[in-house]
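Asks: If you scroll down you'll find the structure; I have some questions about it.
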Amino acid sequence: MLKCIAIDDEPLALRQLTAYISKIPYLELTATCNNALEAQQLLPAHHADLIFVDINMPDLSGVEFVRSLTERPMVIFTTAYSEYAVEGFKLDAVDYLLKPFSFADFSRSAAKANSLYELRHNQRPAESLAEALPKDREYISVKADYKVSLIKITDIVYLESEGEYVRMHLADSSTITTLFRLKNMEAALPSELFMRVHRSYIVNLRAIKAYVKGRVYLSDTEYVPIGENYKEAFQHYIERNFKNL
C-alpha cells in the first residue's frame, strides 16, 4: 500500500485527485494540502511514499517544494502547463500529468509508481541482481508490465537507457521496458557478447551489421551512436575481431 499526499491549490482539481486516488486499491490517501507551504509543515509528521503535487502554485511552486525536500518520496507532478514538464523530470519525477487528465492517465501513472515501489522494497537491489546472474546463463528474467518475462540473451539486439529504466530491443522487433539501470544490466550480461558503446546504449556484438564514424548499425536503417568515451574500446574490438579486405 502506497501512502499518498495530494497537493493542489485548486479545490476542484484536489477533489478530482482525491476521488481518483480512492479508486486505486494500492493507494492510501493520508493527507491533502491546498498549497506547498502547508505541505512543508505537514510532511515531517506524515510518512508519504508518493506525492501528487501541482506545479503552478502561489508562494511556493510544486517544483520548488520538491527541490526543498531532503528526503524525497516518489513524485507525480500535475499541471495545466506543459512547459513545466522538463523541470519536473529534472527532479526524477515518476510521471507528469497534464491537466485535464483522465482516470486512465492517472491509473497508468499510479501503476508506474507502484512498480517502482515494489522493485525497491520487495526485491534485492539491482546491483545484487546483476551479481547473481551467471555469465553463462542462456536466459534472463525481466519484470515488466505486471509479469516476469524470460528473455533469451542472444535475442537482445541492444539496450537503451531511459533514466531508471532500460528498454530492451529484441530480434523480433519487439521491446520490453524494465526498471533496471543500464550499468547494472552491463554487469549482468556476458562481456564477450555485449559492449557499452554509449552512456545510453549497449549493443549485442553479434547483431552489428555495419559501422561508420560515430554510429553502429544493427539493421539497414537502425543504428545507435558511439559515444566519445567508448570509441577507442569499440575500435580495438573491431581491429581484434575483423580483418579489413
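Please treat every number below as a calculation from the coordinates, not as lab data. Note that the structure is a prediction, hence the values are computed from the model and not measured. Cβ coordinates were reconstructed from backbone atoms using ideal geometry, including for glycine residues, and neighbour counts include every protein chain displayed.
Asks: Mind telling me which of Ala45, Ala111, Ala233 comes out most flexible in a GNM of the chain, alpha-carbon contacts under 10 Å?
Replies: Ala45
Asks: Still on this structure: Give the residue from Asn56, Asn35, Pro25 lying farthest towards the positive end of the charge dipole for the range 1-77; charges sit on Cβ (+1 for Lys and Arg, -1 for Asp and Glu) and the dipole is referred to the Cα centre.
Replies: Farthest towards the positive end: Pro25.
Asks: Still on this structure, please answer the following. Tell me which aspartates and glutamates have Cα within less than 14 Å of Lys3's Cα, excluding those fewer than 8 residues away on the same chain?
Replies: Glu28, Asp49, Glu118
Asks: Moving on to the next point. May I ask which of Lys152/Lys183; Lys143/Lys231; Lys99/Lys183; Lys147/Lys209; Lys112/Lys209 have a Cα-Cα span longer than 28 Å here?
Replies: Cα-Cα > 28 Å for Lys143/Lys231; Lys99/Lys183; Lys147/Lys209; Lys112/Lys209; rest within.
Asks: Using DSSP to call loops (not H, G, I, E or B), can you name the GluC sites (Glu not before Pro) in the range 20-85 whose Cβ has at most 15 other Cβ atoms within 10 angstrom? Write down the numbers at each step before the final one.
Replies: Numbers: sites: Glu28, Glu38, Glu64, Glu71, Glu83; in loops: Glu71.
Passing both the DSSP loop test and the Cβ count: Glu71.
Asks: Right, next: Can you say what percent of the DSSP beta bridges in the chain, counting only those with both residues inside, are antiparallel? Round to 5.
Replies: Once the DSSP bridges in the chain are tallied, antiparallel ones form about 60 percent.
Asks: For the chain, set up a Gaussian network in which alpha carbons nearer than 10 Å are linked by springs, and say which option among Phe180, Phe77, Phe101 fluctuates the most.
Replies: Highest fluctuation of the listed residues: Phe101.
Asks: If the only charges are +1 at each Lys and Arg Cβ and -1 at each Asp and Glu Cβ, what is the size of the charge dipole of the chain around the Cα centre, to the nearest 20 debye?
Replies: Dipole size: approximately 900 debye.
Asks: Taking the chain as a Gaussian network, Cα atoms linked when under 10 Å apart, which of Ser61, Ser115, Ser219 shows the biggest mean-square fluctuation?
Replies: Judging by the Gaussian network model, the answer is Ser219.
Asks: Would you mind checking the range 172-202 for residues with the amide N under 17 Å from a putative spin-label position 7 Å along Cα→C-beta of Asn229?
Replies: Answer for the range 172-202: 181-187, 195-202.
Asks: Multiply the residue gap between Ala111 and Lys3 by 0.36 nm, knock off their C-alpha separation, and tell me the result in nm, one decimal place.
Replies: Taking Ala111 through Lys3 to full extension adds about 37.5 nm, to one decimal.
Asks: Can you give the FRET efficiency for Asp59 and Ser102, using 1/(1 + (r/R0)^6), R0 = 35 Å, r = Cβ-Cβ distance, to the nearest 0.05?
Replies: Details: r = 30 Å, r/R0 = 0.84.
That pair, Asp59 with Ser102, gives E of 0.75.
Asks: Shifting gears a bit: Could you calculate the FRET efficiency of Tyr217 with Leu37 from 1/(1 + (r/R0)^6), where r is the beta carbon distance between them and R0 is 51 Å, rounded to 0.05?
Replies: 0.40
Asks: Once a ≥ b ≥ c are taken as the square roots of the eigenvalues of the Cα gyration tensor of the range 187-229, is the result rounded (a/c under 1.5), prolate (a/b larger than b/c) or oblate (a/b not larger than b/c)? Let's see the in-between values first.
Replies: Numbers: a/c = 2.26, a/b = 1.30, b/c = 1.73.
Since a/c reaches 1.5 but b/c is at least a/b, the shape of the range 187-229 is classed as oblate.
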